[in-house]
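Beneath this line is the structure, given in structure tokens, with notes to follow.
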Amino acid sequence: MRFALDAEQTEFGHTLGRLLSTAEVPATVRSWAAGDFAAGRVLWRRLAAAGVFALAVPEEYAGLGRLPVELAVACEELGRYAVPGPVVETVAGAMLLGALAGHGKAARAAAEEWLPRIADGRAMVTLGAPEAGPYVLDAEAADTALVYDGRRLFAGAGCGPARRSVDPARRLHRPGPGGLLLAVGAAPAAAVRDAGDWAAFATAAQCLGVGLALLERTVEHVRRRTQFGRPIGSFQAVKHRLADVLIDLEFTRPLLYGAAVALAAGAPTAGAEVAAAKAAAGEAVYRAARAALQLHGAIGYTQELDLSLWLGKARALRGAWGAPGRCRARALAGLV
């Protein structure tokens, strides 16, 4: 099967690329890592105005409906520019609230309150769930934290102080008690599981974007850096290393868009296909990061170099919403 974006989807990606290329994102990332979220919130609203977060919100709540292909396009671009903030968690939180809107007054009221605000960028949401590990991302920056403890779903749950991640712009918090009980039992369990699939899918798309950015920056560097009177990019070993990275990333793309088609159709294999895409994307971005670090030499280890923003994000995203080993096991169980 051939997966190709149509003209409108392609232009959507180009529009986001143009927006982000002029947004001074590296400075915004560094401010975010230091706990100053003002510039990040401005960028968030600009992304929302371009329609990014409406892609996860049902139409009856002022969204565009669930559009996984367009969401993959958006998250790839956000990864390519290392946009900070709980992008994936906001997407997953919107999916979760939309799925639970018909399950009780509290869940319906939460959907009515938060989904329109997510769509237009007024609200930033984070999500904590067993599938995401023991931490909640960027709880101090988010307007609300949705926390699922394995049986109950809360909104506005309290979270502990921030802890640093391998990616300084990913601020991690232990979920705490409290908050408004939205749902309990089988309904939130199923909805959180589905939201986790969308989170893993969006993370895979971010991994692809981060990997492509690392590759592009490394190619630029090896063209400029000379040794023995020649650009190091002319050495066969360097060419082969970068070609392998490109192949890994491009082999991820059909898995990602295959998963998008499965999510759009509600296919029973959607979870397994998402897992396959996430496993491939996580490994590909990690290899891209290793190649970028090594081919940049000593300067690759410096935090002053903007490359470090993508290197840290690559390491963090590799395990976010499903480490490669876990994803491979799920893919094998669901597809074989």
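Here are some notes:
- Against the conditions (1) of a type in the set (S, T, N, Q); (2) within 29 Å of Thr10 (Cα to Cα); (3) not in a helix (DSSP H, G or I), Gln303 satisfies every one except (2).
- Answer from Tyr301, Tyr286 - the residue that is touching a Lys or Arg at 6+ places or on another chain (Cβ under 6 Å) and within 25 Å of Lys239 (Cα to Cα): Tyr286
- Scope the range 92-129; condition surrounded by 19 or more Cβ atoms within 10 Å (Cβ to Cβ) and at positive phi; matching residues: Gly121
- Test: residue in the range 179-186 that is surrounded by fewer than 20 Cβ atoms within 10 Å (Cβ to Cβ), modelled with pLDDT of 90 or more and closer than 16 Å to Thr126 by Cβ: yes
- Single condition Gly133 does not satisfy, out of (1) on the phi < 0 side of the Ramachandran plot; (2) at pLDDT below 95; (3) surrounded by fewer than 24 Cβ atoms within 10 Å (Cβ to Cβ): (1)
- Taking the numbered list (1) farther than 22 Å from Asp149 by Cβ; (2) free of Cβ contacts under 8 Å to residues at least 60 places away in the same chain in turn, Leu71 passes all entries but (2).
- For the range 292-302, the count of residues that are hydrophobic (A, V, I, L, M, F, W, C) and surrounded by fewer than 17 Cβ atoms within 10 Å (Cβ to Cβ) is at least one.
- Set side by side, the residues Leu311, Leu246, Leu295 differ, and just one is of a type outside the set (Asp, Glu) and in contact with an Asp or Glu (Cβ under 9 Å, 6 or more places away or on another chain), which is Leu311.
- Extreme residue, surrounded by the most Cβ atoms within 10 Å (Cβ to Cβ), among residues of the range 11-56 that are over 16 Å from Pro86 (Cα atoms) and touching a residue at least 60 places away in the same chain (Cβ under 8 Å): Leu16
- For the range 57-82, taking the residues that are among the charged types (D, E, K, R) and more than 29 Å from Arg108 (Cβ to Cβ), the one that is surrounded by the fewest Cβ atoms within 10 Å (Cβ to Cβ) is identified as Arg80.
- Each residue in the range 142-171 was checked for being surrounded by fewer than 20 Cβ atoms within 10 Å (Cβ to Cβ) and within 17 Å of the chain's Cα centre (by Cα), and 3 pass.
- Residues of the range 228-253 that are of a type in the set (A, V, I, L, M, F, W, C), loosely packed, with under 14 Cβ neighbours inside 10 Å and under 30 Å from Val274 (Cα atoms): Ala243, Ile247, Phe251.
- Output for the range 19-50, where each listed residue is over 19 Å from the mean Cα position of the chain (by Cα), outside any loop (DSSP other than H, G, I, E, B) and farther than 27 Å from Pro116 by Cβ: Ala27, Ser31
- Inter-residue pairs, beta-carbon under 6 Å, first in contact (Cβ under 8 Å) with a residue 60 or more places away in the chain and farther than 18 Å from Ala237 by Cβ and in the range 202-226, second assigned to a helix (DSSP H, G or I) and hydroxyl-bearing (Ser, Thr, Tyr), 6+ apart: Leu208/Thr252
The values are calculated or read from the model by the stated rules, or taken from the named source; none is laboratory data. Just so you know, these numbers come straight off a predicted model, no measurement behind them. Neighbour counts run over all protein chains shown; Cβ positions are idealised from the backbone, glycine included.
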